[in-house]
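Engineer: Just dropping this structure here.
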Amino acid sequence: MPDTTPLIVARDGAVVTLQFNRPESLNALDVPTAQAFLAAMRAIATDGSVRAVVLKGSGRAFIAGGDLAAMSAAPRQTVAELLGTINEAVLLMQRIDAPIIAQVHGVAAGGGLSLMLMCDFVLVAEKTRFNLAYIKLGANCDVGASWSLPRLVGLRKALEIALLSEDFDADEALRLGLINRVVPALELEATVNALAQRLASGPTTAYGHMRRLMRASQDTDLANALQAEARGFDACTQTADLPEGIAAFLAKRAPRFTGH
């Protein structure tokens, strides 16, 4: 029997994969899916042994946006519950140390595209299509797109993507800097797995400080950035990974990081 849970959680060593699992609706986000995603992110946030996270979708798409059928009966109430839940999950995505990879194929639209933009790495299958889509529904964006999109492409291009809501392909997404790599569809899974395992063998605490510093950089001045860097570096000196990294460099060998 197929797994009918809205989110499949799988673990391979230090890598946790969260697979959105509503293929009949192209993994459109509804309240139960958002609740499952939040529960998974809460578990990850309290598990120091998780060192990389992968987000992907079942069936023919990554995530095609919000579930409009589920919203239609009571839009205001449903949207409030959906966004209240998924926004908490997005904040947890930014607070954890483990890097997050989006494995994207088929379609990433609306909230699916917004969620993709919140990840640290985005690997995409050829022929994937993207559309921010909200304006077509008469709504503004959500899931952090107003924060992430201008940071990635600049204000002018972000407004074009948001207000015109035109389709664009994987090559254009790569050109704009929205994604890291376009991969043949048959190679996507293996390429993502290799990257996840590479990240999972790295200095996880240092990753966490690095990703938060980078994301905060446009909201602070140089003096505060320097102070934040110094605090982060001091925290790294209290881990086992930094002295291991130094010893490995001096011995001209590969480091053996534990993530702590």
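The values are calculated or read from the model by the stated rules, or taken from the named source; none is laboratory data. Since the model is a prediction, treat every value here as computed from it, not as a measurement. Don't worry about glycine lacking a Cβ; one is built from the backbone with ideal geometry, like all the others, and counts go over all protein chains shown.
Every residue, every condition in (1) out of contact with any helix residue (DSSP H, G or I) (no Cβ under 8 Å at 6 or more places or on another chain); (2) in a strand (DSSP E or B), yes or no:
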residue	(1), (2)
Gln77	yes, no
Gly84	yes, no
Asn87	yes, no
Met93	no, no
Ala108	no, yes
Leu113	no, no
Ala139	yes, no
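Engineer: For the subset of the range 247-260 comprising residues that are more than 26 Å from the chain's Cα centre (by Cα) and surrounded by 14 or more Cβ atoms within 10 Å (Cβ to Cβ), which member is nearest to Met214 (Cα to Cα)?
Structural biologist: Looking at residues that are more than 26 Å from the chain's Cα centre (by Cα) and surrounded by 14 or more Cβ atoms within 10 Å (Cβ to Cβ), I get Pro255.
Engineer: Just checking, does the range 120-132 include any residue being surrounded by fewer than 20 Cβ atoms within 10 Å (Cβ to Cβ), among the hydrophobic types (A, V, I, L, M, F, W, C), under 23 Å from Thr191 (Cβ atoms) and in the same structural domain as Gly65 (by TED's automatic domain parsing)? Before you say what the answer is, go through the steps one by one.
Structural biologist: Taking the range 120-132 and keeping what is surrounded by fewer than 20 Cβ atoms within 10 Å (Cβ to Cβ), we get 121, 126-127, 129.
Those left that are additionally among the hydrophobic types (A, V, I, L, M, F, W, C): 121.
Adding the requirement that they be under 23 Å from Thr191 (Cβ atoms) leaves 121.
From what's left, in the same structural domain as Gly65 (by TED's automatic domain parsing): 121.
Yes, there is a match, as at least one residue in the range 120-132 is surrounded by fewer than 20 Cβ atoms within 10 Å (Cβ to Cβ), among the hydrophobic types (A, V, I, L, M, F, W, C), under 23 Å from Thr191 (Cβ atoms) and in the same structural domain as Gly65 (by TED's automatic domain parsing).
Engineer: Related question: Would you pick out the residues in the range 176-198 that are in a helix (DSSP H, G or I) and either in contact (Cβ under 8 Å) with a residue 24 or more places away in the chain or closer than 23 Å to Thr258 by Cβ (or both)?
Structural biologist: Answer for the range 176-198, where residues must be in a helix (DSSP H, G or I) and either in contact (Cβ under 8 Å) with a residue 24 or more places away in the chain or closer than 23 Å to Thr258 by Cβ (or both): Leu176, Ala185, Leu188, Glu189, Thr191, Val192, Asn193, Ala194, Leu195, Ala196, Gln197, Arg198.
Engineer: Moving on to the next point. Tell me which residues, restricted to the range 30-48, are among the polar types (S, T, N, Q) and surrounded by 15 or more Cβ atoms within 10 Å (Cβ to Cβ).
Structural biologist: Going through the range 30-48, the residues among the polar types (S, T, N, Q) turn out to be 33, 35, 46.
Scanning the range 30-48 gives Thr33, Gln35.
Engineer: Consider the range 224-246. How many of its residues are within 11 Å of Leu213 (Cα to Cα) and acidic (Asp, Glu)?
Structural biologist: 1
Engineer: Here's a follow-up. Quick check on the range 36-58. Is at least one of its residues more than 28 Å from Leu199 (Cα to Cα) and outside any loop (DSSP other than H, G, I, E, B)?
Structural biologist: No - not one qualifying residue is present in the range 36-58.
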